[in-house]
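In what follows, a structure is listed as structure tokens, so that the remarks can point back to it.
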Amino acid sequence: MTKKLDAIDRKILTELQQNGRITVVELAERVNLSKTPCAERLKRLERDKIIQGYHADLNANLLNQKHVMFVQVSLDKTSDNSLSKFNESVKMIPEIQSCFMVAANFDYLLQVRTIDITHFRRILGEKIGKLPGVQQTHSFVVMEEIFSSKDLVI
């Protein structure tokens with residue numbers, strides 16, 4: 001069981017969300033700890049899977065992947081087995097950045113990032129439309145991304 005987070009743990013997590021490459025020494029200074037206790041807390045947060053990894057924040061526009069679509073997906077069945085098959089298969093499409101099961105008049109909401117509309121059309125027809133149990137999709141183009149964040153309020 002995960003130990004309850006205290007104020008220092010929360011400071012560590014907040015700092016790491018802002019800069020995942022910060023040194024332990026600098027992190028310790030920012031959260032008012034010495035290096036060893038800070039490193040121990042960091043290891044515990046990683047071991048308890050509160051910190052799941054460290055990633056580079058890439059600029060999609062500069063990497064020619066600025067086309068974003070949201071896709072509503074309706075399945076033909078929503079049995080546990082059908083949902084499980086879809087859940088596992090959807091993870092295999094790298095252009096899908098997020099997948100949410102929703103309580104709505106459709107079953108899933110996907111965020112898809114591609115190079116352009118032609119690329120999206122190919123992914124929709126060749127991959128998303130062929131996922132297990134897909135009955136229908138509805139796509140929505142993002143005209144402008146105002147902001148996007150994975151940061152959590154800690």
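The values are calculated or read from the model by the stated rules, or taken from the named source; none is laboratory data. Keep in mind that this is a model prediction, so the values were computed, not measured. So basically every Cβ, Gly included, is an ideal-geometry build from the backbone, and we count neighbours across all protein chains shown.
Which condition from (1) more than 20 Å from residue 154 (Cα to Cα); (2) free of Cβ contacts under 8 Å to residues at least 12 places away in the same chain is the one that residue 70 breaks? Failed condition: (2).
Give the residue that is nearest to the chain's Cα centre (by Cα), with candidates limited to residues of region 1-17 that are in contact (Cβ under 8 Å) with a residue 12 or more places away in the chain and exposed (fewer than 12 other Cβ atoms within 10 Å of the Cβ). The selected residue is 2. Within region 14-43, the residues that satisfy the criterion of being more than 21 Å from residue 151 (Cβ to Cβ) and not hydrophobic (A, V, I, L, M, F, W, C) are 29, 32, 34, 35, 36, 37, 40, 43. Kindly establish whether residue 114 is under 23 Å from residue 61 (Cα atoms) and of a type outside the set (Gly, Ala, Ser). Against the criterion (under 23 Å from residue 61 (Cα atoms) and of a type outside the set (Gly, Ala, Ser)), residue 114 qualifies. Could you tell me whether residue 88 is exposed (fewer than 13 other Cβ atoms within 10 Å of the Cβ), assigned by TED's automatic domain parsing to the domain that holds residue 130 and acidic (Asp, Glu)? The answer is yes for residue 88.
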